[in-house]
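See structure below.
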Amino acid sequence: MLVYVRGAGDIATGVAARLVRAGVSVVMADIAVPTCIRRTISFCEAIRLGEVQVEGIRARLAQTPAEALAITEAGDVAVVVDPQAKMLDELKPAAVVDAILAKRNLGTTRDMAPAVIAVGPGFTAPVDCDAVVETMRGHFLGRVITQGSPQPNTGVPGVIAGYGKERVIHSPAAGVFRSDRAIGDIVSAGDVIGYADDTPMCTQIDGCLRGLLANGVQVTEGFKCADVDPRGDTSYINYISDKATSVGGGVLEALAMLTDIFRG
């Protein structure tokens, strides 16, 4: 079975990992210059680097649908630059998963594949998808919704070790992002972690820099550029998060509900 995942950031990567481990072939699509910050556990880095591994699963960049299929047949995840999902006609996946996490629908429709699953707010099942998976941290995280919508976006990051919005660093100005920091660095409150052109941005808390935008990305004022984990455990940068794993499980459950993936 082939599944086409829209988006290849950290949550989408959690989805892809659970699908691959269940024996599903995966093609992931993202924009030409991805803007994810948790790059050590995001398959979209294959667009920048050509090839990456996350938790032992390899993802490789493909230029064409035929190349993408060859990569999946070799057991790897294929990553393509296809923000408009133009490759669907050639790929003919059994399911499409929208894991862009844009908090709104950027063009996914129920006629894209036999089964269409969405992730997070901005979707209503069964209007623009067959099922949608809850992404809000809390009691309902990862649950499959077949009638209705997930909880609306609050704009407030989930709390980790007592910190929510304080752990996320947004650009104070428009410009080109640059940083001499690396994901995994231990930082202290007040440290400069990067610049938008010449305007510095600082962390408000101590912890491990677990997310950092790639150098050279054009940002707007308020753009999310970094994430500090107050727990300070540098090993976490190498593992898909609990949230992404839970959401991935929800997508796998929805796929089982909507297809014959586990039916003999």
Check: Within region 151-159, is there a residue that is in contact with a strand residue (DSSP E or B) (Cβ under 8 Å, 6 or more places away or on another chain) and surrounded by 16 or more Cβ atoms within 10 Å (Cβ to Cβ)?
Finding: no
Note to self: Of everything in region 121-139, what is under 18 Å from the mean Cα position of the chain (by Cα) and of a type in the set (Val, Ile, Thr)? Give them in sequence order.
What the structure shows: 132, 133, 135
Check: Since residue 247 meets every condition but one in (1) more than 14 Å from the chain's Cα centre (by Cα); (2) surrounded by 19 or more Cβ atoms within 10 Å (Cβ to Cβ); (3) not small (Gly, Ala, Ser), which condition does it not meet?
Finding: (1)
Check: Among the residues of region 140-165, which ones are at pLDDT below 95 and over 20 Å from the mean Cα position of the chain (by Cα)?
Finding: 161, 162, 163
Checklist line | Matching option when the condition is assigned by TED's automatic domain parsing to the domain that holds residue 45 and touching a strand residue (DSSP E or B) at 6+ places or on another chain (Cβ under 6 Å), among 145, 183, 193 | finding: 145
Next item on the list: Please give the number of the condition residue 229 fails out of (1) more than 19 Å from the chain's Cα centre (by Cα); (2) within 26 Å of residue 142 (Cβ to Cβ).
Entry: (1)
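The values are calculated or read from the model by the stated rules, or taken from the named source; none is laboratory data. Predicted model only: the values in this text are computed from it and were never measured. All Cβ positions, glycine included, derive from the backbone under ideal geometry; neighbour counts span all protein chains shown.
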